[in-house]
Amino acid sequence: MDIGKVVDRRLHPVRLALNFLNHEIELNRNDQMVSLDRETMRSLMETVQLFVEDFESSYRAAKDLQQKKFVSATPSVAQAKVG
């Protein structure tokens, strides 16, 4: 599993969410506040949350796979001396 490809593919919705927020800020550049309706805010939060969850699970899987590569199937030198 190439974590770079997974992250890049999952970043697309996050980029859209950021572009949307940037657009809203630009529309209200003369105002002190930007208003978003509750459903829009919930959608943006879920988009970011899904990315974080996907990233964490992919990262964990890649980390576990990497750690498995370094496990030795032969007994260590210390164990060989004891027995």
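Any read-out appearing in this document is the output of simple, stated calculations on the displayed coordinates, not a laboratory observation. None of these values were measured; they are calculated from a predicted model. As a convention, Cβ positions derive from the backbone with ideal geometry for all residues, glycine included, and neighbour counts pool all protein chains shown.
Look at segment 30-52 and say how many of its residues are out of contact with any helix residue (DSSP H, G or I) (no Cβ under 8 Å at 6 or more places or on another chain) and not polar (S, T, N, Q).
Number of matching residues: 10.
Quick check on segment 8-29: of everything there that is among the aliphatic types (A, V, I, L, M) and in contact with a helix residue (DSSP H, G or I) (Cβ under 6 Å, 6 or more places away or on another chain), which residue is nearest to Ala62 (Cα to Cα)?
Restricting to residues being among the aliphatic types (A, V, I, L, M) and in contact with a helix residue (DSSP H, G or I) (Cβ under 6 Å, 6 or more places away or on another chain), the top hit is Val14.
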